[in-house]
2 protein chains.
Amino acid sequence: MNKFAVIVAGGTGTRMGGEIPKQFQLIQGKPVLYYTIEAFLKAWDDLQIILVLPEEHLELGREIVDGFFDHKRIRLTAGGRTRFHSVQLGLAQIREESIIFVHDGVRCLLSQALIRRCFDAAMEHGSAIPVLPAKDSLRRVTETGSEPVDRVAIRLVQTPQTFHSKILLPAFNIDYKDRFTDEAAVVEAFGMQVHLVEGEEANFKITTPPDLHLAAWMLEQAFR
Amino acid sequence: MNKFAVIVAGGTGTRMGGEIPKQFQLIQGKPVLYYTIEAFLKAWDDLQIILVLPEEHLELGREIVDGFFDHKRIRLTAGGRTRFHSVQLGLAQIREESIIFVHDGVRCLLSQALIRRCFDAAMEHGSAIPVLPAKDSLRRVTETGSEPVDRVAIRLVQTPQTFHSKILLPAFNIDYKDRFTDEAAVVEAFGMQVHLVEGEEANFKITTPPDLHLAAWMLEQAFR
């Protein structure tokens, strides 16, 4: 089976405070994005990567690809105005029947086990959405105040959201809606259910300086 | 106004892997619980602490209190079989009209600003529950699969859950129910609404070795 990872790194990184978007911040001399790409390249020799970056970061992305990787397995493409549009532009490059991983560039600590788990579930069920249970108590804000939410049934959603191309490619032939915050929502709008798999605590999004520090420490400790 | 902080540290720390429960793990030579207690003692000279620990940890708790603090402001008491019962036992020590903070012992990074914010809101509204917006996409597991949850209205709940004694003390004269996972739920069962205030990213629960490392680094960087 063909395999593609569409890695989306569209953030402009304003939450980090600095000028360098978080996907380009360095850990042990290499950008966050390096570790993300490397995890997928390592999983299978024939997996191909489509790296979707904002127009203004394409040159920086090209430097990372040329500097660290066998660039024959990595294509770069410019993103759109939302995550939906960026993923859509990435998927437009895929013609082959395949399993497609859509992954956040700033989740650089995902394990090989998680990638395999998503692949296997997508092969069997057509989709695989990694999720974790909610550790905190949850509340819902209402018009008159707030109310408790039963956290037992709630799951926090991660990536790689993984799909068979027969589902994902036609699902993305749809007009954008605000509620398309992830690929699962697009596939559901296409009329399909999604299959959940177990996520990983370490597979968090790097959005703050403490997140970046923690990711560096976890890579050092070989948590991945 | 009198002020009490009921600090609950009932965890047996099985998630940490080691034998030492997480509230007793060391950061720069001092237990996590030290930093939590110190944050509240620092807030007001007249604030008193009721530290609720499992029976088997009372001696360790006594050593921390005697070793680091003015023990006249700290009472120790043995906890019960659930968080509800532990808080109930702690509250049984309070007779005075007061503002009462109920706080997780393993959230050691809360700021003075958060303590003040909770106090002010509890004075004005009777209660203050610190919450954060949900950063991840959320799903709800259903009988037939799962469905997206609109995260815009969802809040992650932290502590200190803060109340006027006139509300909290009578609310805890109630029989235990499984859904009493926090004090807000107990107060709502008593027929009162709770007031939400803004929480803090740094005010996370230490439950894993990476959490402990991150807390140590954040204390070092004076994130608190």
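Answer yes or no as to whether residue B:185 is small (Gly, Ala, Ser) and either in contact (Cβ under 8 Å) with a residue 24 or more places away in the chain or open to solvent by 20 Å² or more (accessible area, probe 1.4 Å) (or both). Judged against the criteria, residue B:185 is not a match.
Considering only segment A:132-141, I want to know if a residue exists there that is more than 23 Å from residue A:202 (Cβ to Cβ) and out of contact with any Ser or Thr (no Cβ under 8 Å at 6 or more places or on another chain). For segment A:132-141, residues more than 23 Å from residue A:202 (Cβ to Cβ) and out of contact with any Ser or Thr (no Cβ under 8 Å at 6 or more places or on another chain): present. Specify which of the listed residues (B:183, B:220, B:201) is at pLDDT below 95 and more than 7 Å from chain A (Cβ to nearest Cβ). Step by step, each of B:183, B:220, B:201 is checked, and only B:220 is at pLDDT below 95 and more than 7 Å from chain A (Cβ to nearest Cβ). Residues of segment A:204-217 being outside any helix (DSSP H, G or I) and more than 8 Å from every other protein chain (Cβ to nearest Cβ), which ones? Result: A:204, A:206.
Counting the residues of segment A:188-201 that are assigned to a helix (DSSP H, G or I) and surrounded by fewer than 18 Cβ atoms within 10 Å (Cβ to Cβ) gives 1.
Once segment B:202-216 is narrowed to residues that are in contact with a Leu (Cβ under 8 Å, 6 or more places away or on another chain) and more than 17 Å from residue B:36 (Cβ to Cβ), the residue that is least open to solvent (accessible area, probe 1.4 Å) is B:210. For residue A:168, state whether it is among the hydrophobic types (A, V, I, L, M, F, W, C), more than 10 Å from chain B (Cβ to nearest Cβ) and over 30 Å from residue B:197 (Cα atoms). Spelling it out, residue A:168 is indeed among the hydrophobic types (A, V, I, L, M, F, W, C), more than 10 Å from chain B (Cβ to nearest Cβ) and over 30 Å from residue B:197 (Cα atoms).
Suppose we keep only residues that are surrounded by fewer than 14 Cβ atoms within 10 Å (Cβ to Cβ) and either farther than 18 Å from residue A:132 by Cβ or polar (S, T, N, Q) (or both) within segment B:142-160. Which one would you say is farthest from the other protein chains (Cβ to nearest Cβ)? Checking each candidate, the answer is B:143. Counting only helices (runs of 4 or more DSSP H) that sit completely within segment A:53-141, those holding 2 or more residues that are over 30 Å from residue B:104 (Cα atoms) and either within 14 Å of chain B (Cβ to nearest Cβ) or touching an Asp or Glu at 6+ places or on another chain (Cβ under 8 Å) (or both) correspond to A:83-91, A:112-125.
Checking each residue in segment B:18-47 for being part of a helix (DSSP H, G or I) and within 21 Å of residue B:208 (Cα to Cα) picks out B:22, B:23, B:24, B:32, B:33, B:34, B:35, B:36, B:37.
Scanning segment A:36-82 for residues that are open to solvent by 20 Å² or more (accessible area, probe 1.4 Å), of a type in the set (Phe, Trp, Tyr) and closer than 20 Å to residue A:219 by Cα turns up A:68, A:69.
Once segment B:93-113 is narrowed to residues that are surrounded by fewer than 24 Cβ atoms within 10 Å (Cβ to Cβ) and out of contact with any Lys or Arg (no Cβ under 8 Å at 6 or more places or on another chain), the residue that is farthest from residue B:46 (Cα to Cα) is B:113. Taking the criterion of being part of a loop (DSSP other than H, G, I, E, B) and touching a residue at least 24 places away in the same chain (Cβ under 8 Å), the residues of segment A:147-181 that qualify are A:158, A:159, A:160, A:172, A:176, A:180, A:181. For the condition buried (at least 18 other Cβ atoms within 10 Å of the Cβ) and in contact with a Cys (Cβ under 6 Å, 6 or more places away or on another chain), residue A:134 does not qualify.
The values are calculated or read from the model by the stated rules, or taken from the named source; none is laboratory data. In this text, all values refer to a predicted model and were calculated from it rather than measured experimentally. Virtual Cβ from ideal backbone geometry, glycine too; neighbours counted across all protein chains shown. Accessible surface is based on the protein model in full, side chains and every heavy atom, while ligands, DNA and RNA are left aside. Shrake-Rupley method; radii C 1.70, N 1.55, O 1.52, S 1.80 Å.
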